[in-house]
Amino acid sequence: MEYRMVTEGSTTFAAPVQDENTQFPPGTAPVFYNTKMEFNRDMTVLLLSHLKPAEYLDSMAATGVRGLRVAHETGTPVIINDRDSAAVAMIEENAKLVGGDISVTCDDANRMMCGKYFDAIDLDPFGTPAPFFDAASRAARHYLFVTATDTAPLCGAHLKAGIRRYFATPKNTEYHAEVGLRMMMGAMAKELVKYDRGMEPILSFARNHYFRSHVRILNRVTGADATMGQIGFVMQCPKCLYRAEQKGSLLPKFHVCPYCGAETEPIGPLWMGSLQDKEIVASMIETLPTMQFGTAKQMDKVLRLLLAEPDVCTFYDYHVISRNIRVSPPPMDEMIAGLNELGYYTVRTHFSVTGIKTSAPLPVIEEWIAAWNEKLGLP
Ligand SMILES: C[S@@+](CC[C@H](N)C(=O)[O-])C[C@H]1O[C@@H](n2cnc3c(N)ncnc32)[C@H](O)[C@@H]1O
């Protein structure tokens, strides 16, 4: 296999040569390597420099880049695994090159996680991580990290696949990115609680074509019960932009939109709890300048957004609201400042460049936007 040397963070490793003239270059080489996931890996390395687990299993490693970086940049002992022998040959060469406390295995991730325990487990499959949740829920002692790239099923574009994989019903709304992340996390929670275990999210986000969540595992029944308490539904009006949150694992009772009288539709079950451990996110922002990351600038921006986001399960798209009431969208910062002046905590969200997270009810946002249009004499 032809390879080239690549540096991510402060780690240099071999990656396969790809055909850069195709739509998806990682698909053209025998071993997978996606440069677009550097941000995702940078985030994990930064987080692990704070968590310092006893060991870290990179269960689906391809070139091994994630595990190699964790070993080299955080000093954590790592186990790097892939079921593909070409990938494992590359990981072995890379492990020799990078050095550190690295063991390499060639196994099916599910088989490997049966009857063995690892302090932190990372699932980074092609597409859905759902088939690995059960084994990982038993094998992860303290931390579970998951990437899902099957955004179409998680966001409601491939409805049946989403329902099958995650046992939840998504819906293609303007806040589908948040639904996708919370649906994946809801499925993680569901698998953990059956073993009387629970989870507490540390760092979770949606980006481009993937979702990523890092959670701390709670090893007590009380933790499992607390986790169950964070499962619920978003009740979305099919006719207007009204939505409400309802906790509970059972399908909510008949619920009517207070604005237009239509029967709302349940989206979920979803993880309705917080997405971040804000103390850890704040310390990640502080230590970021001391690290050598290719995506540091984007990381700083996203981490600051995550820190400010309130624990509400949806966001509004102010362009969609403006279009709905047939007026022009105002400048975003002016609108955010205006709603904050009215006493409603309002911030941008990492989920969408036109999204706001706010404690303001929909009619208040609509009124503010309409008043801004009137003030400027806009039609
Ligand atoms: C998306 S790639 C991993 C990318 C890698 N973590 C990175 O950051 O570059 C998925 C990898 O999982 C491996 N894989 C798929 N199913 C697996 C399984 N059941 N057990 C172990 N490895 C598996 C594939 O061979 C492939 O190398």
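The values are calculated or read from the model by the stated rules, or taken from the named source; none is laboratory data. Owing to the predicted nature of the structure, the values given are computational and were not obtained by experimental measurement. Virtual Cβ from ideal backbone geometry, glycine too; neighbours counted across all protein chains shown.
The residue list I280, I267, I285 contains one member that is surrounded by 22 or more Cβ atoms within 10 Å (Cβ to Cβ) and either at pLDDT 95 or above or within 16 Å of the chain's Cα centre (by Cα) (or both), which is I267. Determine whether segment 318-338 contains at least one residue that is under 16 Å from the mean Cα position of the chain (by Cα) and of a type in the set (V, I, T). No: zero hits.
Kindly indicate which of S322, S283, S328 is more than 21 Å from Y210 (Cβ to Cβ), touching a Leu at 6+ places or on another chain (Cβ under 9 Å) and touching a residue at least 24 places away in the same chain (Cβ under 8 Å). Within the list S322, S283, S328, the selection yields S328. Among the residues that make up segment 334-353, is at least one of them in contact (Cβ under 8 Å) with a residue 60 or more places away in the chain, in contact with a Pro (Cβ under 9 Å, 6 or more places away or on another chain) and either more than 22 Å from G232 (Cβ to Cβ) or not hydroxyl-bearing (S, T, Y) (or both)? No, there is no match, as no residue in segment 334-353 is in contact (Cβ under 8 Å) with a residue 60 or more places away in the chain, in contact with a Pro (Cβ under 9 Å, 6 or more places away or on another chain) and either more than 22 Å from G232 (Cβ to Cβ) or not hydroxyl-bearing (S, T, Y) (or both).
T44 - would you say it is touching a strand residue (DSSP E or B) at 6+ places or on another chain (Cβ under 6 Å), of a type outside the set (A, V, I, L, M) and either within 12 Å of the ligand (Cβ to nearest atom) or not in a helix (DSSP H, G or I) (or both)? So T44 fails the test. Considering only residues in segment 148-178 that are over 18 Å from the mean Cα position of the chain (by Cα) and in a helix (DSSP H, G or I), the one that is nearest to P269 (Cα to Cα) turns out to be I163. Between S137, S85, S59, the distinction of being of a type in the set (S, T, Y), assigned by TED's automatic domain parsing to the domain that holds L275, over 17 Å from D42 (Cα atoms) and crowded, with 23+ Cβ neighbours inside 10 Å belongs to S59 only. Cβ-Cβ contacts under 7 Å between residues 6 or more apart (or on different chains), taken from a first residue in segment 27-41 that is touching a residue at least 60 places away in the same chain (Cβ under 8 Å) to a second residue that is within 7 Å of the ligand (Cβ to nearest atom) and among the basic types (K, R), are absent. Got at least one residue in segment 342-358 being part of a helix (DSSP H, G or I) and modelled with pLDDT of 95 or more? Among the residues of segment 342-358, not one is part of a helix (DSSP H, G or I) and modelled with pLDDT of 95 or more, which makes the answer no. Checking each residue of segment 230-243 against the condition of being under 30 Å from S10 (Cα atoms) and among the aliphatic types (A, V, I, L, M) gives no match.
Among the residues of segment 163-172, is there at least one that is over 24 Å from L241 (Cβ atoms) and buried (at least 22 other Cβ atoms within 10 Å of the Cβ)? Within segment 163-172, one or more residues are over 24 Å from L241 (Cβ atoms) and buried (at least 22 other Cβ atoms within 10 Å of the Cβ). Out of curiosity, is V6 part of a strand (DSSP E or B) and within 14 Å of the ligand (Cβ to nearest atom)? Considered against the rule, which asks whether it is part of a strand (DSSP E or B) and within 14 Å of the ligand (Cβ to nearest atom), V6 comes out as yes. Among the residues of this structure, Y143 does not count as one that is surrounded by fewer than 16 Cβ atoms within 10 Å (Cβ to Cβ), farther than 21 Å from E8 by Cα and not charged (D, E, K, R). For segment 81-102, give me each residue that is away from the ligand (no atom under 13 Å from the Cβ), assigned to a helix (DSSP H, G or I) and either within 19 Å of P125 (Cα to Cα) or touching a residue at least 12 places away in the same chain (Cβ under 8 Å) (or both). Within segment 81-102, E92, E93, A95, L97, V98 meet the criteria. Only a single item in (1) touching a Lys or Arg at 6+ places or on another chain (Cβ under 6 Å); (2) buried (at least 20 other Cβ atoms within 10 Å of the Cβ) is not met by D119, and it is number (2). Selection of segment 103-140 for residues being more than 14 Å from S59 (Cβ to Cβ) and outside any helix (DSSP H, G or I) yields G115, G127, T128.
Of everything in segment 2-30 that is touching a Ser or Thr at 6+ places or on another chain (Cβ under 6 Å) and among the β-branched types (V, I, T), the residue that is farthest from S213 (Cα to Cα) is T22.
Those helices (runs of 4 or more DSSP H) of segment 215-312 in which 3 or more residues are closer than 26 Å to V353 by Cβ occupy 278-287, 296-308.
So for segment 56-63 (the condition being among the hydrophobic types (A, V, I, L, M, F, W, C), touching a residue at least 24 places away in the same chain (Cβ under 8 Å) and closer than 26 Å to E286 by Cβ), does at least one residue qualify? No, the conditions are met nowhere in segment 56-63.
Of all residues in segment 185-206, exactly one satisfies the criterion of being surrounded by fewer than 19 Cβ atoms within 10 Å (Cβ to Cβ) and not in a loop (DSSP other than H, G, I, E, B), namely E200.
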